[in-house]
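The values are calculated or read from the model by the stated rules, or taken from the named source; none is laboratory data. Values in this document were obtained by computation on a predicted structure and should not be read as measured data. Ideal geometry is used to build each Cβ from the backbone, glycine not excepted, and the neighbour counts take in all protein chains shown. When the accessible area is computed, the model is the full protein with side chains, heavy atoms only, and any ligands, DNA or RNA have been set aside. Shrake-Rupley method; radii C 1.70, N 1.55, O 1.52, S 1.80 Å.
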Amino acid sequence: DVQLVESGGGSVQAGGSLRLSCKVSRYSVTDCIGWFRQAPGQEPEGVAAIGGDGRPTFAHSVKGRFTISRDNAKNTLYLQMNSLNPKDTARYYCAANGDWYTLDAATYSYWGQGTQVTVS
């Protein structure tokens, strides 16, 4: 079965940076894979995704601050988050097998358990 394990979350001051990792098993990071987040009491929000052709898609709220990348040899997905602010506080999830160029959670088949990011 496909497995996605997130890591790298934590607490950071506003203006700081974090790098999230998603180790993927039995699925290739060269296919469509991305990041979503959810704050308590709020709807899930697509953050960033990357398609099989390497084209990234970002939510407007993070464009210019976040970068999505992948290491094919390690089969690992990354999310570099810079200039963090308290509105970025959420649990971040890695998801795989979605439609290219979209941040629609309904199109993704596989999900990790998430990693918490808190910005203060």
Taking THR118 and the conditions (1) in a strand (DSSP E or B); (2) under 14 Å from the mean Cα position of the chain (by Cα), which numbered condition does it fall short on, given that it satisfies the others? (2)
Among the residues listed as ASP99, ASP1, the single one being touching a residue at least 60 places away in the same chain (Cβ under 8 Å) and among the acidic types (Asp, Glu): ASP99
Hey, does region 60-69 have a residue that's open to solvent by 30 Å² or more (accessible area, probe 1.4 Å), in contact (Cβ under 8 Å) with a residue 24 or more places away in the chain, in a strand (DSSP E or B) and under 23 Å from SER120 (Cα atoms)? no
Is it the case that ASP53 is of a type in the set (Asp, Glu), surrounded by fewer than 13 Cβ atoms within 10 Å (Cβ to Cβ) and in a loop (DSSP other than H, G, I, E, B)? yes
With the checklist (1) open to solvent by less than 60 Å² (accessible area, probe 1.4 Å); (2) in contact with a strand residue (DSSP E or B) (Cβ under 6 Å, 6 or more places away or on another chain); (3) farther than 11 Å from TRP35 by Cβ in hand, flag the one item TYR101 doesn't pass. (1)
Answer with yes or no whether ARG26 is of a type in the set (Lys, Arg), out of contact with any helix residue (DSSP H, G or I) (no Cβ under 8 Å at 6 or more places or on another chain) and under 16 Å from VAL2 (Cα atoms). yes
Scanning region 75-110 for residues that are at pLDDT 95 or above and in a loop (DSSP other than H, G, I, E, B), which turns out farthest from SER28 (Cα to Cα)? ASN85
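Can you tell me which residue within region 28-50, out of those that are assigned to a loop (DSSP other than H, G, I, E, B) and open to solvent by less than 30 Å² (accessible area, probe 1.4 Å), is modelled with the lowest pLDDT?
That would be VAL29.
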